[in-house]
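S.K.: Pasting in a structure now, in structure tokens, and then I'll have a few things to ask.
The values are calculated or read from the model by the stated rules, or taken from the named source; none is laboratory data. Please read these numbers as outputs of a predicted model, since none were measured by experiment. As a convention, Cβ positions derive from the backbone with ideal geometry for all residues, glycine included, and neighbour counts pool all protein chains shown.
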Amino acid sequence: MATKRKTARKKAPARRKATTRKKNQNVYYFGAGKCDGDGSMKALLGGKGANLAEMSSIGVPVPAGFTITTEVCTYYYDNGKKYPKTLDAEIEANITKVEKAMGKKFGDLENPLLLSVRSGARESMPGMMDTILNLGINDEVVEALAKKTGNAKFAWDSYRRFLQMYGSVVMEVEAEANEHHDPYEVILDKAKAKAKVKDDSGLKEKDLREVVAAFKALIKKRSGKNFPEDPREQLKGAVNAVFNSWQNDRAIVYRQKYGIPAAWGTAVNVQAMVFGNTGKSSGTGVAFTRDPATGENVFYGEYLIDAQGEDVVAGVRTPKPIAKMAKDLPKSHKELLVTRKKLEKHFRDVQDVEFTIEEGKLWMLQTRNGKRTGFAAVNIALDMVKERLIKKEEAILRIPADDLGHLLAPIFDSKAEKAAKKVGNGLPAGPGAASGKIYFSAEDSVKAAAKGQNVILVRQATSPEDLRGMIAADGILTTEGGASSHAALVARQMGKVCVCGAHGMTIDYSKKTLSGNGVTLKEGDDLSLNGFVGNVYKGGIKSSPSQVIQGLIENKAAAKRSDTYKKFMELMSWTDKLRKLGVRTNSDTPEQVQQAIKFGAEGIGLTRAEHMFFEGNRIDAVREMILADDDAGRAKALRKIKVFMKKDFIGIFKSLEGRPATIRLLDPPLHEFIG
């Protein structure tokens, strides 16, 4: 039963060290400058929980909350989805702490506290697990919230958002197999059409009351259950859902792709809600302390006025670039710039942050090391060394070897691109060049890729359910969303070419068509994406080697003047000075040896002589040798082989210029030559 007792807000104390862990402690508090954990405890608190504690400890404004540890997750799965006996009591004790810090009461009918419930694995898994906002609201609390804030529209907007998330995540009422659109969004679209408004923010209180009633009816019809009114029952359902999401299909696929062990489990972060949807002096956003696509040292992000965080990353509304906040919310923008510098200096890496502004007050909801493209990884590492944030050794270790492949990927041939028909333009969210056949669903993309086709996945906005299709695709195009949407975030991490928010283009899922600039393309047609500038072209476009390849291998002066080539060579010079081991490559022809030497190889680890036979019609001479009836026939074939082998070895030794090589003499598997 809700209580009407009020609690005064406490003044935030000065920073102090995290407390020592108590025996069998399952829940860790953070907020108001106090914290039970710190940034070093990611294995226990997950990345999000550890960083929330760390931000609180350094004086960054963080809404109070608590983290249920990853050990509870592993206990949950090891014990038939049951919890430690002390967990309920620990949660209640920490709810009391949050109530005191925020000056509100959970389930209260005078000054209600609402909560968010988010996952938080040790390694960031963006969008793969579940989030629930505005938990604790019900038919009574919504009226109390409206009275307390004097903003009934805000209260009912918060209620409909909670129903949409809780109904989908906890009660599993989602789009069915034959539905192309989220059933909640269908209801919202009808409400907006009836009210004659474009965005959700245009709906009035009476419209939102009708949406809430429709959402509850949808949940009841499809689940056979009533939506739970008890806030504590809601909290239990939400915590269960987050732990269960650790083993959902998309999370499993993501862990397999990035080598994250299932045994790690996820933490659950329960945090006091702060609201970006209370009016024009409120908002929410996602930002990176540097550009995650290029690595440029500029504050990069997006925000929405009168919105909640899921609106930004879901891609349903297109947000504004963070620079425009200086005009819309100048005080908050200035505070955000100060926080940007503080976080990057403290964590010594690019930070991906989420924030909410509630009635002009800035709150930081999350920080984590930002996912970035290979281009950005190199630029950021080099720049941070020059800024004396990190040393060269650390800079090199921060660049995954696979990310260097992004710098070597092909680009569009400039003449072919100029001649191509441009059908749209969006935000360049993942650099690179990609051509492939259009597919409109993750399932169809996977099937097409399995047949050997190059695929462009085209969606209005991607969701975590599209992960398999995103992995299979060569490029991703969305007609909605921005540079911090789910599509952009995941594409950057995967190194996929991505163009987001191509608003001049429209998708008809029922007809499986994409239209733009007077051109309509159907499923299976060719499409090309330039992820460097955000251009979308009809048909396939011829590609050219990357600027690094053009500079190193083709010795082109223009390529050597490019920033990409210069940064690559600077990084390689650092590695050459610091490395202890030499690198030799496997090369079987003079051309391969030349290329390896130009990339810095110190010699040849293995030359497989039998691989020389596969060029042109050389294999015919080898077959003559194998199938010869007598010694004379075999000798004749060997004389032919000797000519081209001698020529190749002379070419190899000339290319080596005295460098060492290991050569394996003939070791031919017969089936490769006569099969």
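S.K.: Where residues in segment 112-148 are among the acidic types (Asp, Glu) and in a loop (DSSP other than H, G, I, E, B), which of them is farthest from Asp311 (Cα to Cα)?
M.R.: In this case the residue turns out to be Glu123.
S.K.: Further, regarding this structure: Which residue is surrounded by the fewest Cβ atoms within 10 Å (Cβ to Cβ), if the candidates are limited to segment 150-184 and must be in contact with an Asp or Glu (Cβ under 9 Å, 6 or more places away or on another chain) and within 13 Å of Leu114 (Cβ to Cβ)?
M.R.: Looking at residues that are in contact with an Asp or Glu (Cβ under 9 Å, 6 or more places away or on another chain) and within 13 Å of Leu114 (Cβ to Cβ), I get Phe154.
S.K.: Could we say that Asn79 is touching a strand residue (DSSP E or B) at 6+ places or on another chain (Cβ under 7 Å) and more than 22 Å from Thr367 (Cα to Cα) here?
M.R.: No, not satisfied.
S.K.: Please find, within segment 160-203, the residue that is farthest from Phe243 (Cα to Cα) out of those that are of a type in the set (D, E, K, R) and touching a helix residue (DSSP H, G or I) at 6+ places or on another chain (Cβ under 6 Å).
M.R.: Here the answer is Arg160.
S.K.: May I ask you to list the residues in segment 426-441 that are of a type outside the set (D, E, K, R) and either part of a strand (DSSP E or B) or not assigned by TED's automatic domain parsing to the domain that holds Arg492 (or both)?
M.R.: Within segment 426-441, Leu427, Pro428, Ala429, Gly430, Ala433, Ala434, Ser435, Gly436, Ile438, Tyr439 meet the criteria.
S.K.: Another question about this same structure. Would you call Asp444 outside any loop (DSSP other than H, G, I, E, B) and out of contact with any strand residue (DSSP E or B) (no Cβ under 7 Å at 6 or more places or on another chain)?
M.R.: yes
S.K.: Taking into account only those residues within segment 588-634 that are in contact with a helix residue (DSSP H, G or I) (Cβ under 7 Å, 6 or more places away or on another chain) and of a type in the set (Asp, Glu), which is surrounded by the fewest Cβ atoms within 10 Å (Cβ to Cβ)?
M.R.: Glu624
S.K.: When segment 420-441 is examined, which residues are found to be among the aliphatic types (A, V, I, L, M) and surrounded by fewer than 22 Cβ atoms within 10 Å (Cβ to Cβ)?
M.R.: Ala420
S.K.: Counting only residues that are farther than 30 Å from Glu443 by Cα, hydrophobic (A, V, I, L, M, F, W, C) and at pLDDT 95 or above, how many does segment 192-216 have?
M.R.: Residues that pass the stated criteria total 5.
S.K.: If Val286 meets every condition in (1) buried (at least 22 other Cβ atoms within 10 Å of the Cβ); (2) aliphatic (A, V, I, L, M); (3) not assigned by TED's automatic domain parsing to the domain that holds Ile322 apart from one, which number is that one?
M.R.: Here Val286 clears every test but (3).
Listed here are the residues, each with its yes/no results for (1) without any contact (Cβ under 8 Å) to a residue 60 or more places away in the chain; (2) farther than 30 Å from Leu489 by Cα; (3) in the same structural domain as Met165 (by TED's automatic domain parsing); (4) crowded, with 21+ Cβ neighbours inside 10 Å.
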position: Phe66; (1), (2), (3), (4): no, no, no, yes
position: Asp78; (1), (2), (3), (4): yes, yes, no, no
position: Lys85; (1), (2), (3), (4): yes, yes, no, no
position: Ala89; (1), (2), (3), (4): yes, yes, no, no
position: Glu92; (1), (2), (3), (4): yes, yes, no, no
position: Lys105; (1), (2), (3), (4): no, yes, no, yes
position: Ala121; (1), (2), (3), (4): no, no, no, yes
position: Ile132; (1), (2), (3), (4): no, no, no, yes
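S.K.: Is it the case that Leu304 is touching a Pro at 6+ places or on another chain (Cβ under 8 Å) and either assigned to a helix (DSSP H, G or I) or touching a residue at least 24 places away in the same chain (Cβ under 8 Å) (or both)?
M.R.: yes
S.K.: Scan segment 182-196 and give yes if some residue there is in contact (Cβ under 8 Å) with a residue 40 or more places away in the chain, at positive phi, in a loop (DSSP other than H, G, I, E, B) and out of contact with any Lys or Arg (no Cβ under 8 Å at 6 or more places or on another chain), otherwise no.
M.R.: Looking through segment 182-196, none of the residues is in contact (Cβ under 8 Å) with a residue 40 or more places away in the chain, at positive phi, in a loop (DSSP other than H, G, I, E, B) and out of contact with any Lys or Arg (no Cβ under 8 Å at 6 or more places or on another chain).
To keep it simple, each residue is scored yes or no on (1) in the same structural domain as Thr284 (by TED's automatic domain parsing); (2) in contact (Cβ under 8 Å) with a residue 40 or more places away in the chain; (3) surrounded by 19 or more Cβ atoms within 10 Å (Cβ to Cβ); (4) closer than 30 Å to Phe66 by Cβ.
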| site | (1), (2), (3), (4) |
| --- | --- |
| Asp352 | yes, yes, yes, yes |
| Phe355 | yes, yes, yes, yes |
| Asn379 | no, yes, yes, no |
| Lys418 | no, no, no, no |
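S.K.: Given Val423, Val458, Val499, Val490, which one is in contact (Cβ under 8 Å) with a residue 40 or more places away in the chain, assigned to a strand (DSSP E or B) and in contact with a Pro (Cβ under 8 Å, 6 or more places away or on another chain)?
M.R.: Val499
S.K.: Return the only residue of Arg122, Arg160, Arg118 being closer than 23 Å to Ser485 by Cα and at pLDDT 95 or above.
M.R.: Going through Arg122, Arg160, Arg118 in turn, the sole match is Arg160.
S.K.: What number goes with the only condition from (1) in contact with a Ser or Thr (Cβ under 9 Å, 6 or more places away or on another chain); (2) closer than 19 Å to Gly46 by Cα; (3) not hydroxyl-bearing (Ser, Thr, Tyr) that Asn240 does not pass?
M.R.: Asn240 satisfies all of (1) in contact with a Ser or Thr (Cβ under 9 Å, 6 or more places away or on another chain); (2) closer than 19 Å to Gly46 by Cα; (3) not hydroxyl-bearing (Ser, Thr, Tyr) except (1).
S.K.: Could you tell me whether Arg250 is over 22 Å from Trp156 (Cα atoms) and either surrounded by 15 or more Cβ atoms within 10 Å (Cβ to Cβ) or in contact with a strand residue (DSSP E or B) (Cβ under 6 Å, 6 or more places away or on another chain) (or both)?
M.R.: yes
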